[in-house]
1. Spot the failing condition for residue 36; the list is (1) under 21 Å from residue 250 (Cβ atoms); (2) out of contact with any strand residue (DSSP E or B) (no Cβ under 9 Å at 6 or more places or on another chain); (3) exposed (fewer than 12 other Cβ atoms within 10 Å of the Cβ); (4) modelled with pLDDT under 85, and only one is missed.
2. If you check 139, 93, 87, which single one turns out to be loosely packed, with under 14 Cβ neighbours inside 10 Å, free of Cβ contacts under 8 Å to residues at least 12 places away in the same chain and either within 26 Å of residue 187 (Cα to Cα) or out of contact with any strand residue (DSSP E or B) (no Cβ under 9 Å at 6 or more places or on another chain) (or both)?
3. Which residue, of 81, 116, is touching a helix residue (DSSP H, G or I) at 6+ places or on another chain (Cβ under 9 Å), modelled with pLDDT under 90, under 21 Å from residue 36 (Cα atoms) and surrounded by 15 or more Cβ atoms within 10 Å (Cβ to Cβ)?
4. Please give the number of the condition residue 73 fails out of (1) more than 29 Å from residue 124 (Cβ to Cβ); (2) surrounded by 14 or more Cβ atoms within 10 Å (Cβ to Cβ); (3) modelled with pLDDT of 75 or more.
């Protein structure tokens, strides 16, 4: 190989590398602006609802838990946040952000990065810490696990109390009966006073399946029985608890994950059994 060809190949490789770097910079810039725009939209919708309902953030936390439909009938929801993009697959990534995850029932919450796409929930390491608890600066986010949403169920709200086990029991003499203290997040200025049960959602995955007889065709002589391998409800399964920063963010995640589960459903049957 002559020197001229080597020089041309090196120049081509440098040009290709520069193109890839330019694309990566544009993607980084896009996602930074996109994340900031989504947060500004969430703040604006929240502020508009607080003004319409004539309440403050403390009362919003109570209304989110116990309000009747007629009490929040004047509230509005943004079509840019709550849309049908998850079912229509108009974007490669349905939703992404930071959550706090408890992989097992008796463990503590750990911060992680979450990406919802193509019927899976991809979970990445959020922060690395030393044994003393000091954060280790790093730029690599290794994928920790991937949850297949094909046979999963999701629930949120007060029913997650049994999965939390350990809740915030801070006593505030100015607000008896309210256990959560006001919180502010410095990265984007978001504030929240919601209880732990109102910021959590649980993804439940069946760990047992069994055969179930089902009839095919019309009733009568033409009907035939077929064995199906279906999930069993009413037996212990795998529960993964996630915590968002506020009830508004939790509702956004629950809607997106729920739509993804509905899109993946293909008429799967379930079998109810005694505990």
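1. In the conditions (1) under 21 Å from residue 250 (Cβ atoms); (2) out of contact with any strand residue (DSSP E or B) (no Cβ under 9 Å at 6 or more places or on another chain); (3) exposed (fewer than 12 other Cβ atoms within 10 Å of the Cβ); (4) modelled with pLDDT under 85, residue 36 misses (4) alone.
2. 139
3. Working: 116 fails: modelled with pLDDT under 90.
Exactly one of 81, 116 is touching a helix residue (DSSP H, G or I) at 6+ places or on another chain (Cβ under 9 Å), modelled with pLDDT under 90, under 21 Å from residue 36 (Cα atoms) and surrounded by 15 or more Cβ atoms within 10 Å (Cβ to Cβ), namely 81.
4. Residue 73 satisfies all of (1) more than 29 Å from residue 124 (Cβ to Cβ); (2) surrounded by 14 or more Cβ atoms within 10 Å (Cβ to Cβ); (3) modelled with pLDDT of 75 or more except (2).
The values are calculated or read from the model by the stated rules, or taken from the named source; none is laboratory data. Remember, it's a predicted structure, so these values are computed and weren't measured experimentally. Please note: Cβ atoms are built from the backbone with ideal geometry, for glycine as well, and neighbour counts cover all protein chains shown.
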